[in-house]
1. Hey, could you check the stretch 24-69 for residues that are among the charged types (D, E, K, R) and in contact with a strand residue (DSSP E or B) (Cβ under 7 Å, 6 or more places away or on another chain) and say which is nearest to LYS12 (Cα to Cα)?
2. So which residues in the stretch 20-36 are touching a helix residue (DSSP H, G or I) at 6+ places or on another chain (Cβ under 8 Å) and loosely packed, with under 15 Cβ neighbours inside 10 Å?
3. For the condition touching a Leu at 6+ places or on another chain (Cβ under 8 Å), within 14 Å of LEU54 (Cβ to Cβ) and not in a helix (DSSP H, G or I), what is the one hit in MET9, MET15?
4. Which residue, of ALA53, ALA39, ALA49, is surrounded by 14 or more Cβ atoms within 10 Å (Cβ to Cβ), part of a loop (DSSP other than H, G, I, E, B) and of a type in the set (A, V, I, L, M)?
Amino acid sequence: MITVNLDVMLAKRKMSLTELSEKVDITLANLSILKTGKAKAVRFSTLDALCRALQCQPGDILEFTEENA
């Protein structure tokens with residue numbers, strides 16, 4: 001299972017979702033879908049823009065965890 005830790009990175013950077021939306025030129029609605037984990041896919045260009053804006057690595061935003069079977 002892939003967990004999106006965008007809210008954690010936003011808190012660490014003391015940045016709002018609106019500020020991030022303006023920096024990466026992605027709609028607030030699309031960032032919200034990503035933040036809540038409802039996105040089905042993430043483009044590399046989007047991940048690149050997020051990492052640049054948040055000054056982080058992809059692994060800071062996306063985390064793999066084993067699902068209990």
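1. Taking the stretch 24-69 and keeping what is among the charged types (D, E, K, R), we get 25, 35, 38, 40, 43, 48, 52, 60, 63, 66-67.
So of that shortlist, the ones also in contact with a strand residue (DSSP E or B) (Cβ under 7 Å, 6 or more places away or on another chain) come out as 35, 63.
Numbers: LYS35: 15, GLU63: 16 Å.
Here the residue is LYS35.
2. Looking only at the stretch 20-36, we keep the residues that are touching a helix residue (DSSP H, G or I) at 6+ places or on another chain (Cβ under 8 Å), and these are 20-21, 23-28, 31-32, 34-35.
Within the stretch 20-36, LYS23, ASP25, THR27, LEU28, SER32 meet the criteria.
3. On the way: MET9 fails: not in a helix (DSSP H, G or I).
So the residue among MET9, MET15 that is touching a Leu at 6+ places or on another chain (Cβ under 8 Å), within 14 Å of LEU54 (Cβ to Cβ) and not in a helix (DSSP H, G or I) is MET15.
4. On the way: ALA53 fails: part of a loop (DSSP other than H, G, I, E, B); ALA49 fails: part of a loop (DSSP other than H, G, I, E, B).
Only one candidate passes the filter, namely ALA39.
Since every read-out is calculated from the coordinates, none of them should be taken as a lab result. In this text the structure is predicted, and so the values were computed from the model without any measurement. With ideal geometry, Cβ positions are generated from the backbone for all residues, glycine too; neighbour counts draw on all protein chains shown.
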